[in-house]
Amino acid sequence: MTDLAPSALAPSALAPSAQRTGPRRHSHIAIPAFGAFVVGTDAFVIAGLIPGITRTLEIGVGAAGQLMTVFALAYVPLAPVLAALTSGWSRRAVLVTALAVFALGNAATAVATGYELALVSRVIAAAGAALLTAAASATAAWPPPGERRRGGPAAAATMGLTFALALGVPMGTAIGSSMGWRATMWTLTALSLLVLPLIAVRPPDVRQPRTAPRRQPSPLTDRAVWRLLAITVVAFAGICIPYTYISAIFEPSVHDGRLAIVLLVFGVAGAAGTLTAAHLTDRHGPRRVIIIALLALTVVLLMLPAIRDSYAATLPVTAATGFLSFAVTVPQQRQLIALLPAAGSTATSLHRSALYLAIALSAATGALGLDALDSAALPPLAAPFVLAAAGLTWLTGRPSYPPHLLAHHQSGRLASWPRAAARPGRITDACSPTSPEAPAG
């Protein structure tokens, strides 16, 4: 990830524990990475547990998918609200509270005897997840003294989500297939509780200094930010429709035992797509990478119904879907960070909220598709979302450079900002110094 603009942290804002050196020095990256991993696993593992949930709770596939919708819809508004309510707390207190609430929500899901109780439990888990990721991102944004931020929040979030998809979801699905879906929820509960003592003693007990907000207007007043977030929602709505209902789509050839393997293939391919996209974004800029990945994904989604009866064909097509789906994550994050270079934590939080809003939209849309059509129609139903995101990226990919950022650049306050970014109308392909559109000189 690209380096984020540095920000000074006054020693007086730190508790004594923050001034120590040793093992704690890397906790500001490990904590948000763990937060993204456990929350990402919790949010996406439902896709692998749907067959068991439908049998136990005696509900339909679409209704089971709404467990993801409720989690995501609760997460989006709760993240900023809970972050504001706990802004005066120490980072350690927020993290411990968040993990405890998150564990409580997953334990409630594990013991839920009815559909309504399961829905309520997902809201509780979402509250803990929202608080956990907000506090973890802030920890990455304000590292211990003497450490430079190396793209902290965005890099940690990407790392955690990548491991969640590549390892967390397949392992949770495998546990659910062999021991029941409740065992998976108990495993997530135990993981949160086991980390609690470590969180309580390791992270620097930092309170983020209250910087004057008048230096920059709110990101939410910037239309370019809203455009990027809208494109993210549209793209990931299309991506998540087939992922959420992957068990139903591949039901003719993929049974419970094989589902974990299919999700593992998707996750590993997604990790490869993330890494490849980061490299290509450095060379060609985010806009080209996003458009090409989304156009290719549209073709793959339209192919899915034709191959779903063959397990041998399912694996390579699933790999292609995973690779292309998460090839857009890094470029989109860099576009957002390009608009908010001095607010990496804010950019990461906004991108994550857009992602969870897309999860909610995809689960609801997929459920309607299942009721009106059948599971084979879901990939073609998702394809227009992905194609629309590619078109919107092409149409709105070169917004005018925000005036407040031009002022910061011209005043020298964004010293690390790539020279190409100062050129109006070229912001999205100038997120890296090696962009081919960067002006010479």
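Just a few scattered comments:
- Any hit, the range 287-294, residues being in contact (Cβ under 8 Å) with a residue 24 or more places away in the chain, more than 25 Å from residue 339 (Cα to Cα) and open to solvent by less than 40 Å² (accessible area, probe 1.4 Å): no
- Yes/no for residue 279 being without any contact (Cβ under 8 Å) to a residue 24 or more places away in the chain and either open to solvent by 40 Å² or more (accessible area, probe 1.4 Å) or of a type in the set (D, E, K, R) (or both): yes
- The set of residues in the range 293-348 being outside any helix (DSSP H, G or I) and either among the aromatic types (Phe, Trp, Tyr) or more than 18 Å from residue 252 (Cβ to Cβ) (or both) consists of 326, 327, 328, 340, 341, 342, 343.
- Complete set of residues in the range 106-153 that are touching a Lys or Arg at 6+ places or on another chain (Cβ under 7 Å) and modelled with pLDDT of 70 or more: 109, 110, 133, 135
- Residues that are out of contact with any helix residue (DSSP H, G or I) (no Cβ under 6 Å at 6 or more places or on another chain) and either open to solvent by less than 30 Å² (accessible area, probe 1.4 Å) or not in a helix (DSSP H, G or I) (or both), drawn from the range 247-269: 251, 252, 255
- Some residue of the range 368-387 being in a loop (DSSP other than H, G, I, E, B), of a type in the set (D, E, K, R) and either within 30 Å of residue 251 (Cα to Cα) or at pLDDT below 50 (or both): yes
- Meets criteria (over 30 Å from residue 268 (Cβ atoms), modelled with pLDDT under 70 and within 25 Å of the chain's Cα centre (by Cα)) for residue 204: yes
- Residue in the range 14-36 that is modelled with pLDDT under 50, open to solvent by 20 Å² or more (accessible area, probe 1.4 Å), over 24 Å from the mean Cα position of the chain (by Cα) and of a type in the set (Ser, Thr, Tyr) present: yes
- Verdict on residue 413 being modelled with pLDDT of 50 or more and outside any helix (DSSP H, G or I): no
- Annotation note: of 224, 272, the sole residue that is in contact (Cβ under 8 Å) with a residue 24 or more places away in the chain and open to solvent by 10 Å² or more (accessible area, probe 1.4 Å) is 272.
The values are calculated or read from the model by the stated rules, or taken from the named source; none is laboratory data. Model, not experiment: these values are computed from the prediction. Neighbour counts run over all protein chains shown; Cβ positions are idealised from the backbone, glycine included. We work out accessible area using only protein heavy atoms, side chains counted, and drop any ligands, DNA or RNA first. Shrake-Rupley method; radii C 1.70, N 1.55, O 1.52, S 1.80 Å.
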